[in-house]
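Enquirer: Structure provided below as structure tokens; questions to follow.
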Amino acid sequence: MRLTSSSLKLIVMSMKTIHLKYCLFFLLLFSCDSDSIVSNTPFTPINIDFNIIGSGKISLTGTSMDVLPGNYVLTNQNDWTVLLSKINAANPDTTQSFNTNVNFNDFIVVALFDQERSGGGNSIFVTSIIENQTQIGITVGLQTGGIINVMQQAFQLVKIPKTTKAITFQ
């Protein structure tokens, strides 16, 4: 078999095409590796909007405290229903005026419960929710006061968009 100049050109062009295809393949392969992508742009914290479902005080006179003080993240309907039942057990119909319909496919509920205190001016509330690169930070405010000698537990229930990031409270 004898190679002519036209067949030699054809072979060279085919090899260049193959070489180009391999180069493009490896370029795409390594450029799509998320570990090799380095961003020079720092993450900017984002304010997360939240909806207040309701807030109030559970009167503890003559009842046992079913909801321990603390901050809770509820991600399903069953836990939400149990919590609402506990709130209403101490004070029937406390949550009647709240919008308690939550689609847990899209949202989660954050529930804040203060310790039991005497006085009428106690409240607990979310002051801000900030999304950082690895977590959601919720800042909790507390107001105490009043002269009423009744034991009460302040609470607030808020709804935020569903997230897979860890939630921390400050």
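Enquirer: Could you give me the ³J(HN,Hα) list for region 157-170, computed from phi with Karplus coefficients 6.51, -1.76, 1.60 and θ = phi - 60°, whole Hz, x at Gly and Pro?
Expert: Coupling constants for region 157-170: 10, 10, 10, 10, x, 4, 9, 9, 7, 5, 10, 10, 10, 10 Hz.
Enquirer: How many nm is it between the label spots at Val67 and Glu116, if each spot is 7 Å from the Cα in line with the beta carbon?
Expert: 1.5
Enquirer: I need the peptides 98-106, 48-56 ranked by packing, meaning the mean over residues of other C-beta atoms within 10 angstrom, with the highest value on top.
Expert: Result, highest mean first: 48-56, 98-106.
Enquirer: So if R0 is 35 Å, what FRET efficiency would Val82 and Thr44 give, r being the distance between their Cβ atoms, rounded to the nearest 0.05?
Expert: For Val82 and Thr44, the calculated efficiency is 0.40.
Enquirer: Roughly what would the spin-label model give for Ser55 and Ile130, points 7 Å off Cα along C-beta, in nm?
Expert: Using points 7 Å along Cα→Cβ, the separation is 2.0 nm.
Enquirer: Stretched out fully, how many nm does the piece from Gln170 to Phe98 gain, at 0.36 nm a residue minus the Cα gap?
Expert: This chain segment gains 23.4 nm when fully extended.
Enquirer: Going by average Cβ neighbours within 10 Å, how do the peptides 71-81, 149-159 rank, with the highest at the top?
Expert: With the highest mean Cβ count within 10 Å placed first, the list reads 149-159, 71-81.
Enquirer: Can you give the Rg and Dmax of region 49-128 based on its C-alpha atoms, in angstrom?
Expert: 12.7, 39
Since every read-out is calculated from the coordinates, none of them should be taken as a lab result. Bear in mind that the values here come from a model prediction, so they are computed numbers and not experimental data. Virtual Cβ from ideal backbone geometry, glycine too; neighbours counted across all protein chains shown.
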